[in-house]
Amino acid sequence: MALGIDVGGSKILAAVVEDGRITREWSYKTKDGEVIQTLKSIIRESGESVVGIGVPCYIRDGICVKAPHIKELTGRELKDIVMDARYMNDCSAIAYGEYYLRDEKYDPLLLVALGTGVGAGLVVRGMPYVGRGSALEIGHIKKYSERRCECGKTGCLETVIGGRYAGTKDMYLRAKDRDEDALKFFESYGKTLAYGLAPAIQLFDPEIVVIGGSISQAYDYFIPSFLAELEELLSYITPDDIIFERAKSLKSGTIGAALIAERGLI
Ligand SMILES: [Zn+2]
């Protein structure tokens, strides 16, 4: 039994996970300046001693080097925030949760989270792959545009497919009404996503690619052009040989964080 917390840009979700099932849960709005206080109060209330926390941070050697959306965490040594918790990049937690929710069957599993920002996580041989803290910062691979990114540099993938820049929310609602411009928008979105993901697929040769994050609700609108473009961009590997799925749950980050902590994987 463990507590898993997923600190997102807009929501903090937490859950006590027992035998892989959620038995209690919490949800709070993310307010920069009050995040640490919220984490402490959830942990106190849960009474759990095994705690995993996924944070939207670029982590290096246990330090949250940069958290563009949560300034409060930037520069902090993570283990000083709440003692005895295990910290990980939020996408590593989501990837592991999605791996678990598929009965740990598909490996390697590559997860891409398309939300306000764009991140990714990888599970290889049953372990989250995190590099030295935050591997797979796929949203900051360049040169996809001339736009300035929150990371401080220009041209990141996130600046063309991240919700903050792409206006995807409005487009999703229009696509549901079969608005032609919106359908074209997602056709082009799928192609750009293929350009972003093809290098990761070629590098990691995943058995499954899971697409999560708020923009994944438009999955059906962008997946056909995504797969068609991917066919052109990959060599030796064909998309037919890979499973593509939407994320199974919005809570997979809490489940993954709890299990990673309980199993001592990070
Ligand atoms: Zn960037």
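Sorting the segments 161-172, 117-128 by their residues' average number of neighbouring beta-carbon atoms within 10 angstrom, most packed first, yields 117-128, 161-172. 3J(HN,Hα) along the stretch 250-266: 6, 9, 5, x, 6, 5, x, 5, 5, 5, 4, 5, 5, 8, x, 7, 10 Hz, from the Karplus curve 6.51 cos²θ - 1.76 cosθ + 1.60 with θ = phi - 60°, whole Hz, x for Gly and Pro. For the stretch 104-246, DSSP calls about 50 percent of its internal beta bridges antiparallel.
Net charge within 13 Å of residue 163 by Cβ-Cβ distance, Lys/Arg positive one each and Asp/Glu negative one each, not counting residue 163 itself? Counting the neighbours of residue 163, the net charge comes to -1.
Looking at the square roots a ≥ b ≥ c of the eigenvalues of the Cα gyration tensor of the stretch 104-246, which shape do they give, rounded for a/c under 1.5, prolate if a/b is larger than b/c, or oblate? Verdict is oblate for the stretch 104-246. Taking the Cα centre of the stretch 104-246 as reference, the dipole from Cβ charges on Lys and Arg (+1) and Asp and Glu (-1) amounts to some 660 debye. Taking the Cα centre of the chain as reference, the dipole from Cβ charges on Lys and Arg (+1) and Asp and Glu (-1) amounts to some 820 debye.
For the chain, the share of DSSP beta bridges that are antiparallel, to the nearest 5, is 60%. The residues of the chain expose, per residue, 48 Å² of accessible area to a 1.4 Å probe. Using the Cβ-Cβ distance between residue 80 and residue 180 with R0 set to 45 Å, the FRET efficiency works out to roughly 0.30. May I ask which of 105/251; 105/184; 71/153; 31/169; 11/66 have a Cα-Cα span longer than 28 Å here? Beyond 28 Å: 105/184. Counting protein heavy atoms only, the chain has 48 percent of its accessible area on carbon and sulfur, 1.4 angstrom probe.
Cα-Cα pairs above 24 Å in the chain: how many percent?
46 percent
Classify the stretch 207-253 as rounded, prolate or oblate, taking a ≥ b ≥ c as the square roots of the eigenvalues of its Cα gyration tensor: rounded when a/c is under 1.5, otherwise prolate if a/b is larger than b/c and oblate if not. Because a/c hits 1.5 or more and a/b fails to exceed b/c, the stretch 207-253 counts as oblate.
Per-residue 3J(HN,Hα) values for the stretch 43-60, derived from phi via the Karplus relation 6.51 cos²θ - 1.76 cosθ + 1.60 with θ = phi - 60°, read 4, 4, 5, 6, x, 7, 9, 9, 9, x, 10, x, 10, x, 10, 7, 9, 9 Hz in sequence order (x marks Gly and Pro).
Label-to-label distance for residue 227 and residue 170 is 3.1 nm, based on points extended 7 Å past Cα in the beta-carbon direction. Working from Cα pairs under 8 Å separated by at least six residues, relative contact order for the chain is 24 percent.
The values are calculated or read from the model by the stated rules, or taken from the named source; none is laboratory data. Just so we're clear, the structure is a prediction, and the values are computed from it rather than from any experiment. Cβ coordinates were reconstructed from backbone atoms using ideal geometry, including for glycine residues, and neighbour counts include every protein chain displayed. All accessible areas refer to the heavy atoms of the entire protein, side chains included, with ligands and DNA or RNA removed. Shrake-Rupley method; radii C 1.70, N 1.55, O 1.52, S 1.80 Å.
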